[in-house]
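Trainee: My questions all concern the structure below.
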Amino acid sequence: MESVGNLILYFVVALVIVVCSVLTVTTRQILRSATYLLFVLFATAIIYFQMDYAFLGAVQIAVYAGGIVVLFVFAILLTHQPGKDAQRIESSRRVLGAVAALLGVAVCGYALFTYANFCGRQLAQMPELDIAKIGTWLLSTDKFGYLLPFEAISVLLLACIIGGVVIARRR
Amino acid sequence: MNLTLLMYLVPSLIMFGCGVYGFLTRKNMIAIMISLELMLNSVDINFVVFNRYLFPEQMEGMFFTLFAIALAAAETALALAIIINVFRVARKVDINQLTKLKF
Amino acid sequence: MPLSYTIAVIAIPLLMFLFLGLVGVKMDKKLTGVLGTIGMLITTVLAYGVALTYFFGADQGQMADGVRSAVVVFNPDWLSFTKTLVVRMGIMLDPIAAMMLVVITTVSLMVHLYSLGYMCDHHGHAEKGFQRYYAFLALFTFSMLGLVVATNLFQIFIFFEMVGVSSYLLIGFYYQSPAAVHASKKAFIVTRLADLFFLLGIMILSFYTGTFDFDKLVFGPEGANSLEVAQSAIASSHGATFLGCSVMAWALTFIFIGGAGKSAMYPLHIWLPDAMEGPTPVSALIHAATMVVAGVFLVARLFPLYVIEQGAMEIVCVTGAFTAFYAAAIACVQSDIKRALAFSTISQIAFMMTSLAVSSAQGGLIEIHGGHGLGFMASMFHLFTHAMFKALLFLCAGAIIHAVHSNENSQMHGLHKYMPITSIAFLIGCLAIAGIPPFAGFWSKDEILVACYAKGMGWGIWMSMVAGMTAFYMFRIYFLIFHWRQHEVHTEHAPSDQPWTMTLPLIILATISVVAGFVPAHDLVTWDGRELHTQLNWTVAGSSVLIACIGIGLAYKMYFKENELPDKLQARFSGLWEAAYRRFYMDELYQFITHKVIFQGICKPIAKFDRGIIDGFFNLLAAATGQAAYGIRRLQNGSIQSYVYLYLVGALALAVITMVCVLI
Amino acid sequence: MEIFSNILIYFVIVPVLTLAGLALCSNKGIKAIRTVAVTGATVLVALAIYLVYLFLQARGAGDTSEMILRSDVMWFEPFNIKLALGVDGISVVMILLSAFIVFAGVFASWRMNPLPKQFFLWFYLLSTGVFGFFISIDLFTMFMFYEVALIPMYLLIGVWGSGSKNYSAMKLTLMLMGGSAFLMLGLIGIYFHSATDGQLTMNVLEIARNNAIPHQWQLWLFPLTFIGFGVLGAMFPFHTWSPDGHASAPTAVSMLHAGVLMKLGGYGCFRIAIYLMPFAANELAWIFLTLTGVSIVYGAFSACVQTDLKYINAYSSVSHCGMVLFAILMFNTTAMTGAVLQMLSHGLMTALFFALIGMIYGRTHTRDIRDMGGMMHIMPYLGVGYVIAGLASLGLPGLSGFVAEMTIFFGSFEHTDTFRRVLTIAATCSIVITAVYILRVVGKLLFGAVQDEHHRQLTDASWDERLSTATLMLSVAAIGCFPNFFVGIIHDSFLPVVKALGAMI
């Protein structure tokens, strides 16, 4: 049995996620869209906290909410005149998109509700997870060691940095 | 009432659906990127909750999400850089109008 | 080897052709003409030598038991179809070949000489293409000589083609005149069509006999004219019939069609009048004296086979008799002097053809063996005499045309005063062709008529009538050209006799036309090599002279002095006159068949079919592939959203399928 | 290496060396390019003549083996693919023909512009393929060289062509590649049935000796291979690449293509399709006889109404090449000998035709006979050449066309069944139609009045053009005057095939 606080928190978070997601993709002002995204990301971070992955939640807030959304906002401000609405999307496109999305949701939902026998699982105990442990795991080669992906990601990020520089450089 | 795995999956699914809808319908490239982020995020949630609920002893889901966040950040940064560059050249961000490189 | 120098008779014209053709352009024009003429003179001397040696010389292997047999001088393989069926190129002398050598070289020499004057303008400058002209003349002479000395049927075919081409080149000598080009084309294609049948005939004949060689086909293995091979071949193919006729009859008919094409028998005669577009000496050489008798020569060469196969012989006979009349009728109304002479030629060749064909009717095969064959002899004799006097007539016509610059007899009239030598020569030619004794034509034509009467009274009367028409139309031409009324001088130069190079051949040929009748042809050119004892048949001779005189008298009455009678008659029988003048619309018929039926009706639709349907099909295939590619390319439109959409659709479809599968 | 002692390999090495030499030339050094190209062509002609001499000597010395100058080099062990060389009389004359046409082609493209170096590079690559095809007797090697000969065509037409060259190049290449797709299927099928037990082989001689292809397979494989080669041999209804392709191709390419490449088709039909699958050949001959018979008459009729010189010639090629396949399908030595003679004859005279057309086109810039006239007056040499080519084409004795056609007709007439008789007679009729269209074009193009006053300024042939055409004219006359020399080389090479076919009846 969960604590009531936890439950309330969950429902708030779920509500924020659902509502803000929908708003993100339906609003015609792109800046608002970015803002709603920010809310969704925050809500997601809260889920991570609920799951006891505090570090992940922190990363989510810092990188996503703090970094990416800021980037979005910058990009939007650079490419748009503020206050100007985007064009209305033609209805056929909207309907098609909606049908595709809803169908996808329906199929996945159907699958979830019908076949996923693990869906009723409760939250189990989890060993203590501190940052030191995460750091060790990230750089170890043992079981649960993630050195290789870590390095791969490093290289990738490096490539991205270089790519970013190349792209952004004035010709 | 307990918070089951399903209860986390449903908002995630809806988020993903919204992402798909946005991706398919939006014309603005930045809006498309935003929709993409929604989808990514929903997948992240799934990884985390599956990890937490089904394999609490292990850390794969969490780490994957960690990496995914890093990747998403890099990807977004790069994509936005490209979009801004394209905008500088073409003065537009609407993908329907950006057909110069088509075919 | 005896008579081996015959090769030189063939080789000199060939070498002359190559020489004049290759280096003549760089030489002086007159020089080439003189060279050509000298070469021809040597050839002529040699050919006379050959002929005299063959006919009268000491034994060169040609006389056996009083029978003049064929001599094969040499005969190397040229092209082997199979081990046994081999085409050889050789020289064979027999009476008709020897006689033809004389005819060809004589006329050719005269024409060479005559052309030296004719192919020049009034100032004596040679025309453009003078060298080419002499080269072609040499080529023609070579081909014609090669034809007559052929040792086998295929060699004849080869030289048939060669003379066809030389004729094509010479008719089209004035290649910038569309009429000449058209005429040369027509001549070649019509004779080519005939040659197709000739080829088919050879194919059939050689298939059943297994040989092309005359010494097997028509001369037996031992001595002259034992027809064993031919008979056995015919016997072996006896079962083989096609449409009710024996295969051999078909073969011989086809071969005759080939000959008919060259010899301008109805209905393949249409090219000959048009061929008069060529220079007049060429008409004299090719289209009067030599090439056009190639068909007669061909039938004569295969005479023993035709004798056996009476069916084919009947066809020859009917065709010849009809053509003789048909051409004579047309000749009566032509206004173009060369055309009139051309129809006269057709008619005379038809005489020869008929004469060949009637000769076999003198009893059965056995009797033929016994030594009859008057028609054959008469035909060959007529060939000889006709070549001389017809060449004479054409050369005279050439002299007249050269003088008045026109072919139409309305531009001539009354030339006797201006060109006396030409006039007399022409008159001699006319008398010869009309059959007035003692000129050459009388003797040969008389023999022909005797042969025709021997086949049947009807044939004889028919041919006598044609002979009468011959006398009429020849004298019509003569009177219209040289008399009728005073000549109106149109040009600055009054017409006159031409330079000696042109007059000398006229005189020589006229002389020959007077005396040629006394050549003892019946001793020399019989079909089996035996002497044929004939004597003048007074009834036939008398009646034919009478008919000829009537013809001449009629012509005199109508055309000697200008009068209204011809016009009245023309008005009276305008339909008939018009039809005859238009050659009974044969040209129009051919025009219709070739242009409307073949060209418009077959070629064009086929070409359209090819471009439209067949090529269209492949283009359609390509276009369909292209369209499919375009269609598929649409999916690859560069829009990430459509890709995602498609991906989703695909993923969903997969999911649904999986679920459905699980459910089932 | 032992293989280098075989003269045949030099027929591939010489063009390849020429290629290398050309590659070393600079783009501008037209003299060097010409020198290399001519040297290569001359060496090839000399080699070809020497090969004829060797062949005659070997036969004279009593060597009766089917192929002489045999050598094998293993190339790809797992599939038993060898570089198997060997020639019989047919290949020898084909090589001779190719050498002469390459020689004439080099001179015909003497003033090729632009990119002469690249042109000759592709030209010699094509030649490499052609010679390679004729010297090898291994299915794989043959197919490889076949493709080598085919592909350069696309660039040669596409880059140096005229008119709608892109369309034509594409059409020609695609249709021929379509043919090779059939062919490839056929060859693979043959390979997998090449031996009943033991090692599968690609060697034509061994396959023929094993005679192991099951009859029901032959019925499938024969049409595949025959059509595959037949496309190249311009067999009705797969001939439509020929008019467009030839019309657009540059002179030398038309020459080489019509002169040699189309012969690959006939040669292949004979050497692979009929030789290896005699049963199916006998069974299915009637289909292809009908098609080729149609080709002959149909091509001739179509040529009668064309107005483009090259189209006329292309359709006439359809007719003449139809004659080749027609004769091959008659299955007797005489007709087949005629077929090879016809290949030689058609190769030379079509090359001559295309050379002359190219030279006339280069001066007048039109190929429409309605726009030209009186050319004989303006350019007598080319005019005479055209008349000679025309006379060869319509079968004048003394020139090559006549002996070839006559041999074919007489060979075909040896069959007594009505079907073949009728076809033979129909084919024979083509000699008249040929005369019609040849004389039509000669009359319009060369004779008559000059149509365009500008044409009066045009010049006659230059020395290189004269050399090129004179080579071909002399060859045409040589075959026409001394046919038995060639028949002697060719004739016996058909005996194995005729024997194999005879065993089937």
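Trainee: Using a Förster distance of 60 Å, how high is the FRET efficiency between C:His125 and D:Ile425, based on the Cβ-Cβ distance and rounded to 0.05? Intermediate results must be reported in sequence, preceding the final value.
Mentor: On the way: r = 52 Å, r/R0 = 0.87.
Approximately 0.70, to the nearest 0.05.
Trainee: If you don't mind, there's one more thing I want to ask. Which of the lysines could a cross-linker span from D:Lys31 if the Cα-Cα distance has to be under 21 Å and same-chain partners fewer than 8 positions apart are dropped?
Mentor: Once the sequence-local lysines are set aside, what remains near D:Lys31 is D:Lys117.
Trainee: Can you tell me the length gained on complete extension of the stretch C:His405 to C:Val318, counting 0.36 nm per residue apart and subtracting the Cα distance?
Mentor: Gain in length upon complete extension: 27.4 nm.
Trainee: What does the net charge come to around D:Leu24 if you take all other residues with beta carbon closer than 15 Å to its beta carbon, with K and R at +1 and D and E at -1?
Mentor: Neighbour charge sum, excluding D:Leu24 itself: +4.
Trainee: Between helix D:215-232 and chain D, what is the angle of the helix's C-alpha long axis to the longest principal axis, kept within 0 to 90° and rounded to the nearest 10?
Mentor: 20
Trainee: Further question: For the stretch B:8-90, take the alpha-carbon Rg, divide it by the Kirkwood Rh, and send me Rg/Rh.
Mentor: Here the Rg-to-Rh quotient is 1.09.
Trainee: Could you work out the percent of alpha carbon pairs in the stretch D:398-505 separated by over 17 Å, rounded to a whole number?
Mentor: Of all Cα-Cα distances in the stretch D:398-505, 74 percent exceed 17 Å.
Trainee: Let me ask something additional. In chain C, if the dipole is taken from +1 on Lys/Arg beta carbons and -1 on Asp/Glu beta carbons about the Cα centre, which of C:Ala51, C:Val662, C:Thr345 is farthest to the positive end?
Mentor: C:Val662
Trainee: Report Rg(Cα)/(2.2 N^0.38 Å) for chain A, keeping two decimals.
Mentor: The reported ratio for this selection is 1.32.
Trainee: Against the longest alpha carbon principal axis of chain C, how many degrees, from 0 to 90 and to the nearest 10, is the axis of helix C:310-331 turned?
Mentor: On a 0 to 90 degree scale, this one is about 70.
Trainee: Still on this structure: Applying the Karplus parametrisation 6.51 cos²θ - 1.76 cosθ + 1.60 with θ = phi - 60° to the phi angles of the stretch D:48-64, what ³J(HN,Hα) value in whole Hz is obtained for each residue in order, glycine and proline being reported as x?
Mentor: Values, residue by residue: 5, 5, 4, 5, 4, 4, 4, 5, 4, 5, 4, 5, x, 7, x, 6, 9 Hz.
Trainee: Here's a follow-up. Where q = 0.07, 0.08, 0.12 Å⁻¹, what log10 of I(q)/I(0) comes from the Debye formula for chain D, counting one point per Cα?
Mentor: Ignoring solvent entirely, the Cα scatterers give -0.34, -0.44, -1.03.
Trainee: Residue separation times 0.36 nm, minus the C-alpha to C-alpha distance between D:Arg111 and D:Thr64: what's the value?
Mentor: Working: separation 47, 0.36 × 47 = 16.92 nm, distance 4.58 nm.
Contour length minus Cα-Cα distance gives 12.3 nm.
Trainee: Taking H as built 1.01 Å from N, whose amide H comes closer than 5 Å to the amide H of D:Trp75, not counting residues under 5 places away?
Mentor: The list, which skips near neighbours in sequence, is D:Ile81, D:Lys82, D:Leu83.
Trainee: Under 15 Å Cα-Cα from A:Lys133, which aspartates and glutamates qualify once same-chain neighbours fewer than 8 residues away are excluded?
Mentor: The qualifying aspartates and glutamates are A:Asp52, A:Asp142, B:Glu57, B:Glu60.
Trainee: Please rank C:Lys185, C:Lys596, C:Lys216, C:Lys29, fewest neighbouring Cβ atoms within 10 Å first, as an exposure proxy.
Mentor: Working: C:Lys185 23, C:Lys596 10, C:Lys216 17, C:Lys29 20.
Placing the least packed residue first, the sequence is C:Lys596, C:Lys216, C:Lys29, C:Lys185.
Trainee: Also, I was wondering about something else. Using a Gaussian network model of chain A whose springs link C-alpha atoms within less than 10 Å, name the residue from A:Thr27, A:Thr136, A:Thr114 with the highest mean-square fluctuation.
Mentor: A:Thr114
Trainee: Along its principal axes, what span do the Cα atoms of the stretch D:1-158 show, with the longest given first and each in whole Å?
Mentor: Projected onto the principal axes, the Cα atoms of the stretch D:1-158 cover 50, 38, 28 Å.
Trainee: Just to check I understand the Karplus step: with θ = phi - 60° and J = 6.51 cos²θ - 1.76 cosθ + 1.60, what whole-Hz values come out for the stretch C:429-443, glycine and proline as x?
Mentor: Whole-Hz 3J(HN,Hα) from phi for the stretch C:429-443: x, 5, 5, 5, 6, 6, x, 9, x, x, 5, 3, x, 4, 5.
Trainee: Take C:Lys596 and C:Leu18, extend 7 Å from each Cα along the Cα→Cβ direction, and tell me the distance between the two endpoints in nm.
Mentor: 5.0
Trainee: Tell me, what is the percent relative contact order of the stretch D:1-128, built from C-alpha pairs under 8 Å that lie six or more residues apart? Present the calculation step by step, with values, prior to reporting the outcome.
Mentor: Numbers: 121 pairs, mean separation 48.7, N = 128.
Across the stretch D:1-128, relative contact order equals 38 percent.
Trainee: Which value in deg cm²/dmol, rounded to the nearest 500, describes the helix-derived mean residue ellipticity at 222 nm for chain C, given -39,500 (n - 2.57) per DSSP H run of n ≥ 4 and division by the residue count?
Mentor: -22000 deg cm²/dmol
Trainee: Stokes-Einstein diffusion coefficient for the stretch A:1-85 at 37 °C in a medium of 0.692 mPa s, Rh from the Kirkwood formula over Cα pairs: what value in µm²/s?
Mentor: Translational diffusion coefficient: 238 µm²/s.
Trainee: Further, regarding this structure: Roughly what would the spin-label model give for C:Lys604 and D:Tyr53, points 7 Å off Cα along C-beta, in nm?
Mentor: Going from the C:Lys604 label point to the D:Tyr53 one covers 5.8 nm.
Trainee: I would also like to ask the following. I need to check one value: relative contact order of chain A, counting alpha carbon pairs closer than 8 Å and at least 6 residues apart, in percent.
Mentor: So the answer I get is 14 percent.
Trainee: Sticking with this structure for a sec: On a straight-distance basis, which aspartates and glutamates could pair with C:Lys596 in a cross-link, Cα separation under 15 angstrom, same-chain partners fewer than 8 positions away excluded?
Mentor: C:Asp587, C:Glu588
Trainee: Okay, moving on. Along its three principal axes, how long is the protein assembly as shown when you only count alpha carbons? Whole Å, largest extent first please.
Mentor: 156, 75, 63
Trainee: Quick one: putting +1 on the C-beta of Lys and Arg, -1 on the C-beta of Asp and Glu, what dipole do you get for chain D around its Cα centre, in Debye to the nearest 20?
Mentor: It works out to roughly 1020 debye.
Trainee: On to the next question. Please provide three numbers in whole Å: the alpha-carbon extents of chain C along the principal axes, with the largest listed first.
Mentor: Extents along the principal axes, in whole Å: 122, 68, 57.
Trainee: All other residues with a Cβ under 14 Å from the Cβ of D:Val52 taken together, and with Lys, Arg as +1 and Asp, Glu as -1, what is their net charge?
Mentor: For residues surrounding D:Val52, the net value is 0.
Trainee: Dividing the Cα convex hull volume of the stretch A:127-171 by residue count, how many Å³ per residue is that?
Mentor: 75
Trainee: At a Förster distance of 45 Å, what's the computed FRET efficiency of D:Lys28 paired with D:Asp371, Cβ-Cβ distance as r, to 0.05?
Mentor: In this case the efficiency is close to 0.80.
Trainee: Tell me the angle of helix D:116-135 to the major Cα principal axis of chain D, expressed in degrees between 0 and 90 and rounded to the nearest ten.
Mentor: Approximately 30 degrees, to the nearest ten.
Trainee: Which ³J(HN,Hα) values, rounded to whole Hz and listed in residue order, are derived for the stretch A:98-115 from phi using the Karplus coefficients 6.51, -1.76 and 1.60 in 6.51 cos²θ - 1.76 cosθ + 1.60 with θ = phi - 60°, glycine and proline given as x?
Mentor: Here the 3J(HN,Hα) series is 5, 4, 4, 5, 5, 4, x, 4, 4, 5, 5, x, 4, 4, 4, 6, 8, 9 Hz.
Trainee: Where in the stretch A:111-161 are there chymotrypsin sites (Phe, Trp or Tyr not before Pro) that are in a DSSP coil and have at most 16 other Cβ atoms within 10 angstrom of their Cβ?
Mentor: Details: sites: A:Phe113, A:Tyr115, A:Phe118, A:Trp137, A:Phe144, A:Tyr146, A:Phe150; in loops: A:Phe144, A:Tyr146.
Here the chymotrypsin sites (Phe, Trp or Tyr not before Pro) that fit, given the DSSP loop and packing criteria, are A:Phe144.
Trainee: Continuing with this model, one more query. Among C:Asp215, D:Asp492, what is the fewest-to-most ranking by other Cβ atoms within 10 Å?
Mentor: Least crowded to most crowded, the residues run D:Asp492, C:Asp215.
Trainee: Pull up all non-local amide H partners of C:Trp78: gap of 5 or more, or a different chain, and H-to-H distance under 5 Å with H placed in the peptide plane.
Mentor: Amide H neighbours of C:Trp78: C:Val87, C:Arg88, C:Met89.
Trainee: Using a 4.7 Å cut-off between beta carbons, which cysteines in chain D end up with no partner cysteine at all?
Mentor: Taking the Cβ cut-off of 4.7 Å, the unpaired cysteines of chain D are D:Cys25, D:Cys269, D:Cys321, D:Cys429, D:Cys481.
Trainee: Arranged by the count of other C-beta atoms within 10 angstrom, fewest first, what order do B:Glu75, D:Glu405, C:Glu564 take?
Mentor: On the way: B:Glu75 18, D:Glu405 25, C:Glu564 8.
Fewest-to-most Cβ neighbours within 10 Å comes out as C:Glu564, B:Glu75, D:Glu405.
Trainee: Using a Förster radius of 25 Å, what is the FRET efficiency between C:Thr539 and C:Val67 based on their Cβ-Cβ separation? Nearest 0.05, please.
Mentor: 0.20
Trainee: In addition: Where Lys and Arg each count +1 and Asp and Glu each count -1, what net charge lies around D:Ile431 among other residues with Cβ under 12 Å from its Cβ?
Mentor: On the way: positive: C:Arg192; negative: C:Glu161, C:Asp195, D:Glu405.
Around D:Ile431, the charge tally is -2.
Trainee: How many angstrom separate the Cα center of the stretch B:61-103 from the Cα center of the stretch C:262-328?
Mentor: Between the Cα centre of the stretch B:61-103 and that of the stretch C:262-328, the gap is 94 Å.
Trainee: Do you know the relative contact order of chain D, to the nearest whole percent, from alpha carbon pairs under 8 angstrom that are 6+ apart?
Mentor: On the way: 889 pairs, mean separation 77.3, N = 505.
Once normalised by length, the contact order is 15 percent.
Only the coordinates and a few stated rules stand behind these numbers; no lab work does. Quick caveat: nothing in here was measured; it's all calculated off a predicted structure. Here the Cβ is made from the backbone with ideal geometry for all residues, glycine too, and neighbour counts use every protein chain on show.
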